[in-house]
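Student: I have a structure I would like to understand better, so I am pasting it below and will then ask my questions one at a time.
The values are calculated or read from the model by the stated rules, or taken from the named source; none is laboratory data. In this text, all values refer to a predicted model and were calculated from it rather than measured experimentally. Every residue, glycine as well, gets a Cβ built from its backbone with ideal geometry; the counts of neighbours run over all protein chains shown. Only protein heavy atoms, including side chains, enter the accessible area calculation; ligands, DNA and RNA are left aside. Shrake-Rupley method; radii C 1.70, N 1.55, O 1.52, S 1.80 Å.
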Amino acid sequence: MSLTGTPFLYTTIALAVVALVLPFALWTRTKGPKALRAALRALMLLFAQATAITLVFVLVNNSNNLYDNWSDLLGTGNHVQQAADLGADGTGGIAYRKLPKVEQKFSQADGPRMHAAGGVRVTQLKGRVSGVSAEVYVWLPPQYDEPAYRGKKFPVVELLSGYPGSAKAWFGSLKVHEQLEPLMRSGQVAPFILVSPRTNVIAKADTGCANIPGTVNADTWLSIDVPKMITDNFRARSAPDGWAAAGYSAGAHCAAKLVVAHPDRYRAAVSLSGYNDPIGESASLAAQSPALRRANNPYVLLKKYRKPPHIALYLSGEAGDGYQAGVALEQIAKPPTTVHVVFLPRSAGGHSMALWRPQVPTAFRWLTVEMSRRAGHGGHTTTPPTPHGRSNAGSTPAELASGTASRAGGARKP
């Protein structure tokens, strides 16, 4: 029975109801010695508590897409087949762009919201360079199959989940495709291909989107294997002008790191409540040593560039949860690198899907502007528009999440 399936949810509900009714029906009817009656009543209470906790867990998990299956929950899943030393550029000397095309087989993805807005498809990808083998979810914009767009190539956004987190989370909990489809149809947002690969490929650990020889090549999985598969199977624009990354929490750190580290593969990043130093996630493999922390810290990487890269970063967060990390990058960025930081007050929702979900339309409008400005112009860009700061008094949650609230409070202590 699937962990996130409807049958399991209904089963937990039924068991919770039975556990609630059982004491009322049998409490005074238990027979036998006093010790036996006490033991039976204790078991009924424990059963009621266990089923209640299980039901709450299932509801929270389904709402936030934390664990996709039983192996994720139990920590028995491992999607790394091998982790060779691929060198500084993560290619292992392989001319990956010249590798033969491999046609992937896709099927309709199952689960909440997977059938909405035209449906999300899924495939199992074996990374030819990284040695990672895992699922990748893909959603195509409404224009993709229209006759007027026949032969047109589309920009791509790689969506990265937090830790723990399922690759379905962007479609399930954040409803990214449902939010963006009408905006794409009306022309407010570019018709992006949305790609969500599994980021949690090692049991009970966050890879930090790092390449660690002998352990995992998560960077290569995300920045080489997944993009190669997409360009092989869909009318996707080539890197770097046609590619961006977006993430929340640990996925936000990953998005910023990938784009800063690989301006030859990406043009823009959206980071929602992220961090720079991998130590921001205690389970991160990239936080195991000072060397790994430096190698996977977008602040350190950006500061090292002698010639600033042609990239754009959008970073949002509350004080102490993403905002300061964004400001740090903003302070060291030099043209043509641009950094747009959005301050979110604590009343906006905390470190949760409730905070990130309403930011999706605004972030993708920003991506639309940035990607169109940089495409085909060698990275040349003008200063992007920024929301006008104003007091957050009386603001709606949507206004707070969109960045129209004041950033002045960001420097104040929480």
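Student: Out of curiosity, is residue 14 over 30 Å from residue 110 (Cβ atoms), part of a helix (DSSP H, G or I) and at pLDDT 90 or above?
Tutor: No: the conditions fail for residue 14.
Student: Something else about it: Among (1) at pLDDT 95 or above; (2) open to solvent by 30 Å² or more (accessible area, probe 1.4 Å), which single condition is residue 155 missing?
Tutor: Here residue 155 clears every test but (2).
Student: Give me a count of the residues in region 110-149 that are basic (Lys, Arg) and touching a strand residue (DSSP E or B) at 6+ places or on another chain (Cβ under 7 Å).
Tutor: Looking only at region 110-149, we keep the residues that are basic (Lys, Arg), and these are 113, 121, 126, 128.
Now narrow it down to the ones that are touching a strand residue (DSSP E or B) at 6+ places or on another chain (Cβ under 7 Å): 121, 126.
Of the residues in that region, 2 qualify.
Student: Scan (1) at pLDDT below 95; (2) part of a helix (DSSP H, G or I) for the single condition residue 171 breaks and write down its number.
Tutor: If we test residue 171 against (1) at pLDDT below 95; (2) part of a helix (DSSP H, G or I), just (1) comes out false.
Student: Condition first: assigned to a loop (DSSP other than H, G, I, E, B), open to solvent by 10 Å² or more (accessible area, probe 1.4 Å), over 28 Å from residue 86 (Cβ atoms) and in contact (Cβ under 8 Å) with a residue 40 or more places away in the chain. Can you find one or more residues in region 131-142 that meet it?
Tutor: Within region 131-142, one or more residues are assigned to a loop (DSSP other than H, G, I, E, B), open to solvent by 10 Å² or more (accessible area, probe 1.4 Å), over 28 Å from residue 86 (Cβ atoms) and in contact (Cβ under 8 Å) with a residue 40 or more places away in the chain.
Student: Just the residues that are open to solvent by 30 Å² or more (accessible area, probe 1.4 Å) and either in contact with a Lys or Arg (Cβ under 9 Å, 6 or more places away or on another chain) or at negative phi (or both), please, taken from region 206-231.
Tutor: Hits for region 206-231 are 211, 213, 215, 231.
Student: Take region 27-53 and flag every residue that is open to solvent by less than 80 Å² (accessible area, probe 1.4 Å), within 48 Å of the chain's Cα centre (by Cα) and of a type in the set (A, V, I, L, M).
Tutor: If the condition is that a residue be open to solvent by less than 80 Å² (accessible area, probe 1.4 Å), within 48 Å of the chain's Cα centre (by Cα) and of a type in the set (A, V, I, L, M), then 39, 40, 42, 44, 48, 50, 52 are the ones that fit.
Student: When you look at residue 111, is it surrounded by 14 or more Cβ atoms within 10 Å (Cβ to Cβ) and more than 28 Å from residue 10 (Cβ to Cβ), yes or no?
Tutor: no
Student: Further, regarding this structure: Return the residue satisfying two criteria in turn: it lies in region 274-308 and is open to solvent by 20 Å² or more (accessible area, probe 1.4 Å), of a type in the set (Gly, Ala, Ser) and free of Cβ contacts under 8 Å to residues at least 60 places away in the same chain, and of such residues it is farthest from residue 207 (Cα to Cα).
Tutor: Among residues in region 274-308 that are open to solvent by 20 Å² or more (accessible area, probe 1.4 Å), of a type in the set (Gly, Ala, Ser) and free of Cβ contacts under 8 Å to residues at least 60 places away in the same chain, the one farthest from residue 207 (Cα to Cα) is 291.
Student: Hey, could you check region 174-200 for residues that are part of a loop (DSSP other than H, G, I, E, B) and open to solvent by less than 30 Å² (accessible area, probe 1.4 Å) and say which is nearest to residue 114 (Cα to Cα)?
Tutor: Only one residue tops the list, namely 174.
Student: Of the residues 367, 329, which single one is under 20 Å from residue 162 (Cβ atoms), modelled with pLDDT of 95 or more, more than 18 Å from the chain's Cα centre (by Cα) and surrounded by 21 or more Cβ atoms within 10 Å (Cβ to Cβ)?
Tutor: 329
Student: Right, next: Of the conditions (1) touching a Leu at 6+ places or on another chain (Cβ under 9 Å); (2) in contact (Cβ under 8 Å) with a residue 60 or more places away in the chain, residue 86 satisfies every one except a single condition; which number is it?
Tutor: In the conditions (1) touching a Leu at 6+ places or on another chain (Cβ under 9 Å); (2) in contact (Cβ under 8 Å) with a residue 60 or more places away in the chain, residue 86 misses (1) alone.
So that you can scan it fast, the table gives a plain yes or no per residue for (1) among the aromatic types (Phe, Trp, Tyr); (2) without any contact (Cβ under 8 Å) to a residue 60 or more places away in the chain; (3) assigned to a loop (DSSP other than H, G, I, E, B):
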position	(1), (2), (3)
58	no, yes, no
82	no, yes, yes
91	no, no, yes
94	no, yes, yes
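Student: Would you check if residue 76 is more than 29 Å from the chain's Cα centre (by Cα) and of a type in the set (Val, Ile, Thr)?
Tutor: In short, no.
Student: Give the residue, chosen from 256, 244, 269, 203, that is open to solvent by 30 Å² or more (accessible area, probe 1.4 Å), touching a residue at least 24 places away in the same chain (Cβ under 8 Å), in contact with a helix residue (DSSP H, G or I) (Cβ under 8 Å, 6 or more places away or on another chain) and among the small types (Gly, Ala, Ser).
Tutor: The conditions single out 203.
Student: For residue 119, state whether it is open to solvent by less than 20 Å² (accessible area, probe 1.4 Å), free of Cβ contacts under 8 Å to residues at least 60 places away in the same chain and either small (Gly, Ala, Ser) or in contact with a Pro (Cβ under 9 Å, 6 or more places away or on another chain) (or both).
Tutor: When the stated conditions are applied, residue 119 passes them.
Student: Next question, about the same structure. So which residues in region 332-347 are open to solvent by less than 30 Å² (accessible area, probe 1.4 Å), farther than 19 Å from residue 268 by Cβ and touching a strand residue (DSSP E or B) at 6+ places or on another chain (Cβ under 6 Å)?
Tutor: 344
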